[in-house]
Amino acid sequence: MIFGLESWLAGTLFLCLLAAIVFEFINGFHDTANAVATVIYTNTLKPWTAVVWSGLWNIAGVLAGGIGVAMGIVYLLPVELLVDQQVNHAVAMIIALLGSSIVWNFSTWYLGIPCSSSHTLVAAILGVGVAHSILPGASGTAVNWDKAIEVGSSLLISPFFGFAFTILLMFILRWFTKGKKLFEEPKKKEVPPLWIRAILVFTCTSVSFFHGSNDGQKGVGVIMLILIGLVPLQFALNPQMKLPDVKSASTHLATELSEIAAQSSASSPRAAEAALLSSRFTLLARQLDDIPNNVANSKFEVRKVIITERRNLDRFEKNHKFDLTTAQKKNLSFHKKTIVSATDYVPFWVLIMVSLSLGTGTMIGWKRIVVTIGEKIGKQHLTYAQGASAEIVAASTIGMSTFLGLPVSTTQVLSSGIAGSMVASKGLKNLQMGTIKSMAIAWLLTFPVVFMLAGTLFYLFRSIWS
């Protein structure tokens with residue numbers, strides 16, 4: 001048995017994890033191919049050398065990238081969906097979410113159209129969340145809309161950022177770089193000068209690493225959704241958490257908020273909000289006592305309370321940030337971080353699973369997207385400056401997004417960067433408009449198609465297994 005589960009549940013868990021691996025494997029087809037296109041088309045590295053190198057750095061990125069993006073994916077869905085005690089409902093959620101994502105990602109890859117796995121996954125999550133909210137008897141919000149808007153803004157802005165900043169970087173390079181070698185099209189089978197080659201290998205490595213740290217974390221988030229949804233007794237809370245510390249932090253928060261309420265005018269909104277939050281964290285401290293005794297559903301309830309009150313505390317801090325002292329802000333932040341450690345975690349074996357899936361996918365399915373990036377976006381052959389500029393902007397954008405805990409599309413950033421570099425060289429006439437239109441159509445259709453497909457599949461499977 002796996003995790004002490006009955007054989008049928010262990011089998012279901014295995015199949016759902018396999019689907020997540022397939023999604024991340026196809027993600028490697030799509031997104032990581034962008035990282036190797038420039039070094040291949042500038043003769044900097046041989047194709048298989050570039051692909052293996054990129055795959056290894058993707059693995060490193062997943063392992064070193066933290067869990068901020070993964071938790072962003074987990075918190076897009078409602079708490080109610082994650083703690084639904086009907087296992088078949090969780091299975092319906094997972095298959096709908098992953099099935100719609102895999103179908104769309106594989107279809108666009110087969111057609112050689114660069115398409116965002118991030119865009120696809122977020123659309124599927126929102127489709128399932130909204131479908132859940134309009135079920136008969138459903139309660140609670142369908143989606144964490146604050147997080148959804150934050151994620152959506154990141155995905156929407158990133159392609160324009162990639163396009164505009166690559167043009168700017170190209171002009172800066174022209175202004176400050178002496179000689180024309182950097183802006184020449186590589187001759188067939190001619191290896192670039194060592195300094196240019198070093199720059200391009202560095203940018204390829206950076207994009208690969210940051211892709212793993214960002215896109216790999218999305219796969220980690222999906223697997224955590226599976227584990228929390230199917231086996232919450234084992235994964236609703238961090239098995240390695242220090243329970244006395246979490247309880248102490250909850251008690252300290254209750255005390256701190258009570259003091260804030262006492263220091264405020266009795267009729268002020270701050271006093272009422274602080275008093276209410278204080279009582280809730282006091283209740284949480286009591287609920288934490290039930291966990292060692294294995295009280296039925298205690299982990300469900302504790303996870304739900306922690307996530308809900310963390311959001312309430314975030315709003316309180318935001319609404320009253322100018323009214324709180326520096327010491328109060330520091331104390332609230334410190335104790336909140338301790339409490340959140342109970343819910344925001346990822347087992348190491350999940351990181352290994354995702355990193356190997358992403359890296360292997362990179363090494364197998366890269367060619368279709370590489371050809372599109374290298375040959376079909378612009379009318380001219382990719383120059384050294386174009387490849388380096390697009391990848392510098394992509395690596396910077398993805399790295400910053402990972403630091404902020406936001407998912408961003410490697411495909412959208414880098415392909416729009418390549419388009420920007422072509423425009424910077426010879427204007428809009430240098431773009432192959434047929435490819436640009438296909439990419440734009442895929443970008444516009446991804447959200448509505450995957451959103452509807454995920455929601456429909458969720459309804460279908462939920463009705464079959466209700």
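The values are calculated or read from the model by the stated rules, or taken from the named source; none is laboratory data. What you see is a predicted model; the values in this text were computed from it and never measured. Neighbour counts are summed over all protein chains in view; Cβ atoms, including those assigned to glycine, are modelled from backbone coordinates with ideal geometry. Heads up: the accessible areas ignore ligands, DNA and RNA and are worked out on the full protein's heavy atoms, side chains in. Shrake-Rupley method; radii C 1.70, N 1.55, O 1.52, S 1.80 Å.
Please compute one quarter of the surface area of the Cα convex hull for region 306-348 and express it in square nanometres.
3.3
How much FRET efficiency would the formula 1/(1 + (r/R0)^6) give for residue 310 and residue 460, where r is the Cβ-Cβ distance and R0 is 51 Å, rounded to 0.05? Walk me through the numbers before you get to the answer.
Numbers: r = 34 Å, r/R0 = 0.66.
That pair, residue 310 with residue 460, gives E of 0.90.
Please work out the Kirkwood hydrodynamic radius for region 173-217, using every pair of different C-alpha atoms, and report it in angstroms with one decimal place.
Numbers: mean 1/r = 0.0795 Å⁻¹.
Result for region 173-217 stands at 12.6 Å.
For 465, 195, give the ranking by accessible area with the largest first, probe 1.4 Å. Display every interim value, and only then the final one.
Numbers: 465 90, 195 130 Å².
Correct descending sequence by accessible area is 195, 465.
Tell me the carbon and sulfur percent of the accessible area for the chain, rounded to whole percent, probe radius 1.4 Å.
Details: 13400 of 20050 Å².
Of all accessible area on the chain, carbon and sulfur atoms account for 67 percent.
Find the relative contact order for region 387-466 and round it to a whole percent, using C-alpha pairs within less than 8 Å whose residues are 6+ positions apart. Walk me through the numbers before you get to the answer.
Working: 30 pairs, mean separation 18.0, N = 80.
Relative CO of region 387-466 lands at 23 percent.
Find how much the distance from residue 88 to residue 185 grows on full extension, using 0.36 nm per residue of separation minus their present alpha carbon separation; answer in nm with one decimal.
Extending this stretch completely gives an extra 29.3 nm.
Between residue 437 and residue 327, 0.36 nm times their residue separation minus their Cα-Cα distance comes to what?
Extra length available between residue 437 and residue 327 comes to 34.2 nm.
Rounded to the nearest 500, what is the chain's calculated 222 nm mean residue ellipticity when only DSSP H runs of at least 4 contribute -39500 (n - 2.57) each, over all residues? Mind showing how you got there, number by number?
Details: 19 runs with 347 residues, N = 466.
Calculated from helices alone, the mean residue ellipticity at 222 nm is -25500 deg cm²/dmol.
So, in Å, what gap is there between the alpha-carbon centers of region 433-451 and region 155-230?
22
Would you calculate the separation in nanometres between label points at residue 111 and residue 9, each defined as 7 Å from the Cα along the Cα-to-beta-carbon direction?
4.2
So if the hydrodynamic radius of the chain is defined as the Kirkwood radius over C-alpha pairs, what does Stokes-Einstein give as its diffusion coefficient at 10 °C and 1.306 mPa s, in µm² per second?
68
Along the Cα→Cβ direction, 7 angstrom out, place labels at residue 233 and residue 177. What is the inter-label distance in nm?
According to this spin-label approximation, the distance is 6.1 nm.
Please calculate the 1.4 Å probe accessible area of residue 103, with all protein chains present, and give it to the nearest 10 Å².
The accessible area of residue 103 comes to roughly 80 Å².
With a bin width of 5 angstrom, please list the P(r) values of region 98-255 as percents of all Cα-Cα pairs, from the 0 bin to the one holding the largest distance.
It works out to 1, 6, 8, 12, 14, 13, 12, 10, 7, 6, 5, 3, 2, 0, 0, in whole percents.
Going through the cross-link list 46/180; 147/329; 242/318; 299/329; 247/304, which pairs have a Cα-Cα distance over 19 Å in this structure? Mind dumping the intermediate values first?
Numbers: 46/180 24 Å; 147/329 22 Å; 242/318 28 Å; 299/329 29 Å; 247/304 15 Å.
From the list (46/180; 147/329; 242/318; 299/329; 247/304), the Cα-Cα distance tops 19 Å for 46/180; 147/329; 242/318; 299/329.
Note down the relative contact order for the chain as a percent, whole number, built from C-alpha pairs under 8 angstrom at least six residues apart. Walk me through the intermediate numbers first.
Values: 770 pairs, mean separation 172.6, N = 466.
Averaging sequence separation for qualifying contacts and normalising by length gives 37 percent for the chain.
Could you give the accessible area per residue of region 171-249, probe 1.4 Å, as a whole number in Å²?
On the way: 4000 Å² over 79 residues.
Computed with neighbouring chains in place, this is 51 Å² per residue.
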